[in-house]
Amino acid sequence: MAPLIENPSVWPLLLGLQQRCMRALDAAELGFVITNETWHLLPYRQAAVFQMDRLNNPVLKTISGLATLTDETPFTLWIGRLCRIASADFLSGDPMRLDAAMVEHELAEGWAEWWPEHALFVPLTAPSGRRVGAVLLAREGRWNDDDLQWVGILAETWGYCLHAMIGDRSTLADYWKRAKYHPRRTPILIALALLTVFPVRLSAVAPAEIIPLQAQAIAAPMEGVVKTFWVPPNSVVKQGQPLFSLDDTTLRNRRDVAQKTLAVAQADALAAQQKAFDNIQSKGDLSNLIGRVKEKEAELAYLDESLARIDVKAPLDGILVYGDPNDWLGKPVVTGERIAQLAQPNDLGVLMWLPVADAISLEAGASMRVYLQVSPLSSLAAELEQTSYQATVSPGGVASYRIRGRLAAGEEARIGLRGVAKVYGAWRPLIYWVMRRPLGALRQWLGV
């Protein structure tokens, strides 16, 4: 590819993009132009635009190909974390190449799932040099020096236009510099202003239960009635140990009938075989009688196989978890119905039902504290592993998110213990923590 100055066909596209940015009426339209029209000059697969907030953190505003942005999806959380890390690492104002090898392992896994191999981090700065936003571009091919030259020229226009639209959003450091030249301001007002931006950590408390993270369902192998439990609830079992048995009365009666029917069919076939030497009609019936014998043999083999599955045995070592045996004895079950769980006692976790009204933004690896009812003065440490994307109805009948965490090494508990768990989210200003619920209720009441 020819250098930019030697490629005249690029200049009309470049000037056209700059004019479209200058004519944008607001930051949303500017973001749309950046993410969807820059492709004509510089091909890419996906683009994203970020704006810096009051705490100088990048906030995702626009993604190419999307008319509206859905908050807090797995992809938006991933790309937001990627931009925060890139903004902290690349302090210069020049575009920088970025790939999966330059980020930490968790981000690299998401990169392989959602993005092509090569990306470009483009910081947007105001005329004063303060960073006002950033742009991420991703494509399969590598970004060469000519690409960086083109994007560098566009980045100056993007930064200037974005600064003109959002205004001079001063950071806390800027406010502090101006405050030094006004010593007559009331110290109490300054202290209150600083207190509102004091960082606090968001948290949520909800009912929780100790569960096994690795548990295998023990289901009914066939239709029948539960006859006997050989192991009490919550007992340690070994591989191959009988757990429970289904009633075999019906199967054994069917087997006896099938065995006698098979004997009759074999006798009829033998008689026809003996007559076939001198009777043409018996020779014609012989094949039908032999087929009937095979049919009865297959039916008997099926019943023998079913009887062998009457006794359900443990597929591996563990703890058999189920309720009262009297809840199952004499109860009809269908094939595949779960009767118990075989849990691994050394791999325990916590299941938490977080109500939708108390939900906060959570990421994998967030810390948790579990307070059990049996020991309210102590807590167990845990780490968040998984959160449900959609809310479901909890056992208490409340629309909640299902959150699962893993107990930290060295923590001991018993499966089935209940209590409450506290999960910690991101750091936010104190004013956000105070006004989050009132603002949410106000938005619902106003319908905006």
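Listing for the model above:
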| item | result |
| --- | --- |
| Candidates M52, M352, M368: whichever shows maximal mean-square fluctuation once the chain is modelled as a Gaussian network with Cα springs under 10 Å | M52 |
| 25 °C / 0.890 mPa s Stokes-Einstein diffusion coefficient of the stretch 4-171, Kirkwood radius on C-alpha pairs, µm²/s | 152 µm²/s |
| Y371 paired with V225, simple spin-label distance in nm, labels 7 Å along Cα-to-beta-carbon | 4.9 nm |
| Sequence-distant residues sharing a close amide H with A340 (under 5 Å, placed H) | I218 |
| Expected 222 nm ellipticity per residue - DSSP helices of 4 or more, -39500 (n - 2.57), all of the chain, to 500 | -12000 deg cm²/dmol |
| Length-normalised contact order for the chain - Cα pairs under 8 Å, 6+ apart - percent | 16 percent |
| Nitroxide proxy distance, nm - points 7 Å out along Cα→Cβ at I153 and I166 | 2.6 nm |
| FRET efficiency, 1/(1 + (r/R0)^6) with R0 30 Å, evaluated for N234 and S378 via beta carbons | 0.85 |
| Under 19 Å from the Cα of K422 - aspartates and glutamates, other chains or at least 8 residues apart | E209, D358, E363, E383, E385, E411, E412 |
| V205/Q386 FRET efficiency (R0 22 Å; Cβ-Cβ; nearest 0.05) | 0.70 |
| Whole-Å distance, taken between Cα centres, linking the stretch 348-384 and the stretch 90-164 | 37 Å |
| Shape call, the stretch 222-334: gyration tensor on alpha carbons, a/c limit 1.5 | prolate |
| Stretch gain in nm, segment R23-M96, where the contour uses 0.36 nm per residue and the Cα spacing is subtracted | 23.5 nm |
| 5 angstrom amide H check on S203, placed H, neighbours 5+ away | G425 |
| Hits among aspartates and glutamates - C-alpha to C-alpha of K331 under 17 Å, sequence gap 8 or more where chains match | E223, D247, D248, D311 |
| Of Y432, Y302, Y371, the one that fluctuates the most in a GNM where the chain has Cα springs shorter than 10 Å | Y302 |
| Rough spin-label spacing in nm, given labels placed 7 Å along Cα→Cβ, for L316 and R142 | 4.5 nm |
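Every number in this text was worked out from the coordinates using simple rules, so none of it is lab data. Small disclaimer: the values here were computed from a predicted structure and weren't measured. We place every Cβ from the backbone using ideal geometry, glycine too, and count neighbours over all the protein chains shown.
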